[in-house]
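**Student:** Starting off with a structure, shown below.
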Amino acid sequence: MTFSPELEEKFARLLTIYPEGRQRSAVVPMLMFAQDEVGHVTPELIEEIAKRIGIPTVQIEEVVTYYSMLHQKPMGKYHVQICTNVSCMLTGGTELWERACQKLGIGHLQRTGDGQISLEEVECIGACSWAPALQVNYDFHHNVTPEKLDEILEACRKVN
């Protein structure tokens, strides 16, 4: 599998920062960086990382199926994760989720027809003090109101 020179450099660095025999610790960051470049975790990507680290592919598959931030199917250019766990639920997270589903016409782990936006209901993004919260790719949004949600979704639609 071919990656960009920047990703190859990240992989090489990751494999050197862990002590001998502990390169398996690089699995999650390698998968995250590769997912950002490739768009999702493919079987070929799993094989490539397993080969580079020197572990069976099944061990990579276990990691991929465990972590919800790793996706085996393409997500949108903008992946919107809305928390509906207790703190967010009590402050409007469920309503934000329902509003986003209605506005986008999609549900959990689906993406819009143009591939621009995907949606995911998540249990916690660690922002309970600023609930309700959501995340777009790696950007957090706190104390989100229905109006703010509309602005966020519109911004995702406008950017190419």
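The values are calculated or read from the model by the stated rules, or taken from the named source; none is laboratory data. If you're wondering where the values come from, they're calculated on a predicted model, not measured in any experiment. Reconstructed Cβ throughout: ideal geometry from the backbone, glycine too, with neighbour counts over all protein chains shown.
**Student:** Considering only residues that are under 19 Å from V159 (Cβ atoms) and in contact with a Leu (Cβ under 9 Å, 6 or more places away or on another chain), which ones fall in segment 102-119?
**Tutor:** Answer for segment 102-119, where residues must be under 19 Å from V159 (Cβ atoms) and in contact with a Leu (Cβ under 9 Å, 6 or more places away or on another chain): K103, L104, I106, R111, T112, I117, S118, L119.
**Student:** Within segment 102-118, does at least one residue satisfy the condition of being hydrophobic (A, V, I, L, M, F, W, C) and farther than 27 Å from E37 by Cα? Let's see the steps before the verdict.
**Tutor:** Start the filter on segment 102-118 by keeping residues that are hydrophobic (A, V, I, L, M, F, W, C), which leaves 104, 106, 109, 117.
From what is left, the residues that are farther than 27 Å from E37 by Cα are none.
No, segment 102-118 has no match at all.
**Student:** Could you check segment 1-28 and list, in sequence order, the residues that are hydroxyl-bearing (S, T, Y) and closer than 18 Å to G39 by Cβ?
**Tutor:** So in segment 1-28, the residues hydroxyl-bearing (S, T, Y) come out as 2, 4, 16, 18, 25.
Passing the criteria: T2, S4.
**Student:** Continuing with this model, one more query. Mind counting the residues in segment 120-160 that are farther than 18 Å from S87 by Cβ, surrounded by 13 or more Cβ atoms within 10 Å (Cβ to Cβ) and among the β-branched types (V, I, T)?
**Tutor:** Within segment 120-160, residues that are farther than 18 Å from S87 by Cβ, surrounded by 13 or more Cβ atoms within 10 Å (Cβ to Cβ) and among the β-branched types (V, I, T) number 2.
**Student:** Same structure again: Provide a single number: the residues in segment 120-130 that are in a strand (DSSP E or B) and either of a type outside the set (D, E, K, R) or within 15 Å of I152 (Cβ to Cβ) (or both). Give the derivation first.
**Tutor:** Applying the first criterion (in a strand (DSSP E or B)) to segment 120-130 yields 120-122.
With the extra rule that they be either of a type outside the set (D, E, K, R) or within 15 Å of I152 (Cβ to Cβ) (or both), the set shrinks to 120, 122.
Of the residues in that region, 2 qualify.
**Student:** Continuing with the same structure: Tell me which helices (runs of 4 or more DSSP H) are completely within segment 1-85 and hold 2 or more residues being more than 17 Å from the chain's Cα centre (by Cα) and at pLDDT 95 or above, or say none if there are none. Walk me through it before giving the result.
**Tutor:** Details: elements: 5-17, 27-38, 43-53, 57-66.
In segment 1-85, 5-17, 43-53, 57-66 are the helices (runs of 4 or more DSSP H) which contain 2 or more residues that are more than 17 Å from the chain's Cα centre (by Cα) and at pLDDT 95 or above.
**Student:** In segment 131-160, what residues are without any contact (Cβ under 8 Å) to a residue 12 or more places away in the chain, within 18 Å of the chain's Cα centre (by Cα) and not in a loop (DSSP other than H, G, I, E, B)? Can you show your working first?
**Tutor:** So the first thing to find is which residues in segment 131-160 are without any contact (Cβ under 8 Å) to a residue 12 or more places away in the chain, and the list is 138-139, 141, 147-148, 151, 154-155, 158, 160.
Filter again for within 18 Å of the chain's Cα centre (by Cα), leaving 138-139, 141.
Across segment 131-160, the qualifying residues are D139, H141.
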